[in-house]
Every structure is written in structure tokens, then in C-alpha cells.
Number of protein chains: 2
Amino acid sequence: MQRVTVLRLGHRIKRDQRITTHVALTARALGVEEIVFTGEKDDILISSINRVVEKWGGKFKIRYSNSWKEIISNAKSQGDYIVHLTMYGANLPEVLDEIKENFKRRNLLVIVGGAKVPAEIYRLADINVAITNQPHSEVAALALFLRDLIGNSVYNQKFPDAKITIHPSRAGKAAKKN
Amino acid sequence: MQRVTVLRLGHRIKRDQRITTHVALTARALGVEEIVFTGEKDDILISSINRVVEKWGGKFKIRYSNSWKEIISNAKSQGDYIVHLTMYGANLPEVLDEIKENFKRRNLLVIVGGAKVPAEIYRLADINVAITNQPHSEVAALALFLRDLIGNSVYNQKFPDAKITIHPSRAGKAAKKN
């Protein structure tokens, strides 16, 4: 299995902090190794995600970049396959096999917007992919994309060195510190 | 196919407006007919969701209730199956068949938190369900739950009377007004 990196565009501290946090935590929970965000540099976002990683384990990384052009151009030069999630794209079920085929041998850079996504992003992406062509959420779009890309095993990620693990229970709360 | 209603607990206007908006839009995009939220009454949230419905079609409804107890007790008296999405619950893949079995003949009430979920919710739910037992997002949890419950056809919802529809394209933007 190849590696998935998420690029979150145009982060705004005041407006997007919780949404970007949800994007990052969803990426982590579903096996992504790194998220890069552009827009406004946000140290609170970075430290809050790092605190989750420290507590809940795994190797997930978050970092800021001031240039999405550089991130995309680096990914391209490494041969990565660039997927842009947008409600204007081709429907996921219709292009899933093609994406899976590329994912067999190439790492993926998955781009999620962002208030105003520059037109160039649509062009730089190898494929623009929609989840339903309806307005909803970059958090949901990323979750559904990763789930369909990876299949049921997306739910079986390992998080080594966790300080907290949960003992699943249909009755609910039963957290346990290691 | 039975009906799904979402109950979003403990909405706070200042902190949750965007997250609850994403929960509602995700529910709508994936075929849910109604969302009820508790916590703080939020007319801006309601009107922004209603504007999306007016523009993008379909019959999705959003409403406020000041009592989750009443919503759950009404659902129970109608024979609905109550699913509470929480990271402390049983893992989705292990209980999915059981939920599907119930969904064949019963409507679902899907509960998503909320800052502090009252202990009573865990007890009132027929089942507490986790997506990975890791901290992430109620938006992602709802999206993944609905996708696995309904299967691939979750992406083929119909939205009658839309003023805008998108012509899907792998090259990206090509929106068209009806």
C-alpha cells in the first residue's frame, strides 16, 4: 500500500480552525501519515493536533506551508498522483477503479479546499473527484474518499505508543489509560 | 428503505455553527430527510441550511428542539432504532449487519454529539457505534456510517426542484443553472 498525504488549502485561523482540525483528525484516524495546510499559519492548530498524536499514538504529522504550488510541484516530481476533492469533479464511484489502479504504485496527494480554490488547482490535479456533486463538507468528502479507496481495512489502523486506548463497547464509555 | 433522522446534540452558536452546518449538509447529501438539533437555538444555521435546500433541491428539513429527551422518547414510541455515534462504541464493521437488519423494518434515529454527551444518551441508544475508536469528527463519523449502512447507492440521491445542478467533470468546474 502506498502513502497518502493530504493538502488542506487556504486555512483561515478564525473561521476554519475547527474544520481543519476535523480534517486532520479524520485523515489520521483513517491512516493518512501527513497533512500539510496552506493559508494562514496556525500554531494552535499544529499543537492541538500534536497533542492528540502524543496521547492517542501513531506517527501522524501536521505542517504548514506557505506555498501550495511548491507542495504540488514536489509531489508531481516524485511521481505522486494528485486527487482534488471538489463538488465539481467526476463522481467517485465512476473513477474509483482508476484511482485505485494508480494507488497501487504511486503515492497520493489528496487536496481539499478551502474557501476559494484557485482555478489552477483543477488543472494541476490528475483528477477532480466529487462525492455526490452536492455541497457538504471537506471532512465528509475526505472520509468517504479514504474509505472507498482503502476499503473496510481503513477502519483497522494501528496507532503505536498510544497513552489512551478505548475498549470498544456497544454500551458506550469504557476508556482505559495504558 | 426506511427513513433516517439525525439528532445533533448540544449545538453552541459560537463554536459549532460551521461543524453543525457540515453535519446537516452531509446528512442531506447522503439522503437523510431531517436533522433536529438541540443546545442553543440558532436561526442563522436554520436559514443557511434552508437556503441550500432551496437552491440545490430536495426535501431536507432542519429544526430545533429544546429537548433531546422528547426527540428520543418520540422516536422510541414510534419503534425507531436509536444509533449513537461515539468513539466509545462498538466498531462499525462488527455491528453493521445487525444495524442493517433493524433498518430493514425500522426507521433510524442517528445521534451525534455534542461537547459533553449526557451519560443517559449511551443508555437510551439501542447501540453505541464507533468509527475507529479514535478521536476525529462527527461529520466524518456520520458520513462513514451512512455510506456503510446504505452502500454505494448512498451517492445516488435525487434532489428534485434544484435551481442548480452540476455536470460532473474530471477536469473540474462546470456548474450550470437550470
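Comparison of B:Arg106, B:Arg147 shows that the only residue that is touching a residue at least 12 places away in the same chain (Cβ under 8 Å), at negative phi and more than 9 Å from chain A (Cβ to nearest Cβ) is B:Arg106.
Return yes or no: is B:Thr20 part of a helix (DSSP H, G or I), more than 9 Å from chain A (Cβ to nearest Cβ), within 15 Å of the chain's Cα centre (by Cα) and farther than 20 Å from B:Ser153 by Cβ?
Taking the combined requirement at face value, the residue satisfies it.
Being away from chain A (no Cβ under 13 Å) and modelled with pLDDT of 95 or more is the filter here; which residues of region B:109-127 pass it?
From region B:109-127, those away from chain A (no Cβ under 13 Å) are B:109-110, B:114; that's our starting set.
Answer for region B:109-127, where residues must be away from chain A (no Cβ under 13 Å) and modelled with pLDDT of 95 or more: B:Leu109, B:Val110.
Just one residue in the set B:Ser153, B:Ser169 is surrounded by fewer than 14 Cβ atoms within 10 Å (Cβ to Cβ), of a type in the set (Ser, Thr, Tyr) and under 20 Å from A:His136 (Cβ atoms); that residue is B:Ser153.
Among the residues of region B:146-160, not a single one is β-branched (Val, Ile, Thr), at pLDDT 95 or above and under 23 Å from A:Ile164 (Cβ atoms).
For region B:132-143, which positions are crowded, with 18+ Cβ neighbours inside 10 Å and touching a strand residue (DSSP E or B) at 6+ places or on another chain (Cβ under 7 Å)? Spell out how you get there, then give the answer.
Step one: of region B:132-143, the residues crowded, with 18+ Cβ neighbours inside 10 Å are B:132-134, B:136-143.
Selection gives B:Asn133, B:Gln134, B:Glu138, B:Ala141, B:Leu142.
Within 19 Å of A:Pro93 (Cβ to Cβ) and hydroxyl-bearing (Ser, Thr, Tyr): does that describe B:Tyr122? Reasoning before the result, please.
Numbers: within 19 Å of A:Pro93 (Cβ to Cβ): no; hydroxyl-bearing (Ser, Thr, Tyr): yes.
The answer is no for B:Tyr122.
Could you look through region A:159-171, keep only residues that are facing chain B (nearest Cβ under 8 Å), in a loop (DSSP other than H, G, I, E, B) and not basic (Lys, Arg), and pick out the one that is farthest from B:Ala90 (Cα to Cα)?
A:Phe159
Which residue out of B:Gly58, B:Gly79, B:Gly31 is surrounded by 14 or more Cβ atoms within 10 Å (Cβ to Cβ), at pLDDT 95 or above, in contact with a Lys or Arg (Cβ under 8 Å, 6 or more places away or on another chain) and not in a helix (DSSP H, G or I)?
Details: B:Gly79 fails: surrounded by 14 or more Cβ atoms within 10 Å (Cβ to Cβ); B:Gly31 fails: in contact with a Lys or Arg (Cβ under 8 Å, 6 or more places away or on another chain).
So the residue among B:Gly58, B:Gly79, B:Gly31 that is surrounded by 14 or more Cβ atoms within 10 Å (Cβ to Cβ), at pLDDT 95 or above, in contact with a Lys or Arg (Cβ under 8 Å, 6 or more places away or on another chain) and not in a helix (DSSP H, G or I) is B:Gly58.
How many residues does region A:61-76 contain that are among the acidic types (Asp, Glu) and surrounded by 21 or more Cβ atoms within 10 Å (Cβ to Cβ)? Lay out the reasoning, then the answer.
Restricting attention to region A:61-76, the residues satisfying the condition of being among the acidic types (Asp, Glu) are A:70.
Add one more test, that the residue is surrounded by 21 or more Cβ atoms within 10 Å (Cβ to Cβ), and what stays is none.
Adding up the residues that qualify gives 0.
Within the group B:Ser73, B:Ser77, B:Ser65, which residue is more than 10 Å from chain A (Cβ to nearest Cβ), in contact with a helix residue (DSSP H, G or I) (Cβ under 8 Å, 6 or more places away or on another chain) and not β-branched (Val, Ile, Thr)? Of the residues listed, the single one that is more than 10 Å from chain A (Cβ to nearest Cβ), in contact with a helix residue (DSSP H, G or I) (Cβ under 8 Å, 6 or more places away or on another chain) and not β-branched (Val, Ile, Thr) is B:Ser65.
Test of understanding: among A:Val139, A:Val154, which residue is touching a residue at least 40 places away in the same chain (Cβ under 8 Å) and either more than 8 Å from every other protein chain (Cβ to nearest Cβ) or touching a Phe, Trp or Tyr at 6+ places or on another chain (Cβ under 9 Å) (or both)?
Working: A:Val139 fails: either more than 8 Å from every other protein chain (Cβ to nearest Cβ) or touching a Phe, Trp or Tyr at 6+ places or on another chain (Cβ under 9 Å) (or both).
Criteria check complete, one pass: A:Val154.
Within region A:1-20, the set of residues being in contact with a Leu (Cβ under 8 Å, 6 or more places away or on another chain) and either buried (at least 22 other Cβ atoms within 10 Å of the Cβ) or over 25 Å from A:Gly151 (Cα atoms) (or both) comprises A:Val4, A:Val6, A:Leu7, A:His11, A:Ile13, A:Gln17, A:Thr20.
Residues in region A:120-142 that are of a type in the set (Gly, Ala, Ser) and farther than 21 Å from A:Asp80 by Cβ: A:Ser137, A:Ala140. Considering the conditions (1) more than 28 Å from B:His167 (Cβ to Cβ); (2) of a type in the set (Ser, Thr, Tyr); (3) within 12 Å of another protein chain (Cβ to nearest Cβ), A:Thr86 is excluded by exactly one of them, (1).
The values are calculated or read from the model by the stated rules, or taken from the named source; none is laboratory data. These figures come from a predicted structure and were not determined experimentally. FYI the Cβ positions are ideal-geometry reconstructions off the backbone, even for glycines, and counts take in every protein chain you see.
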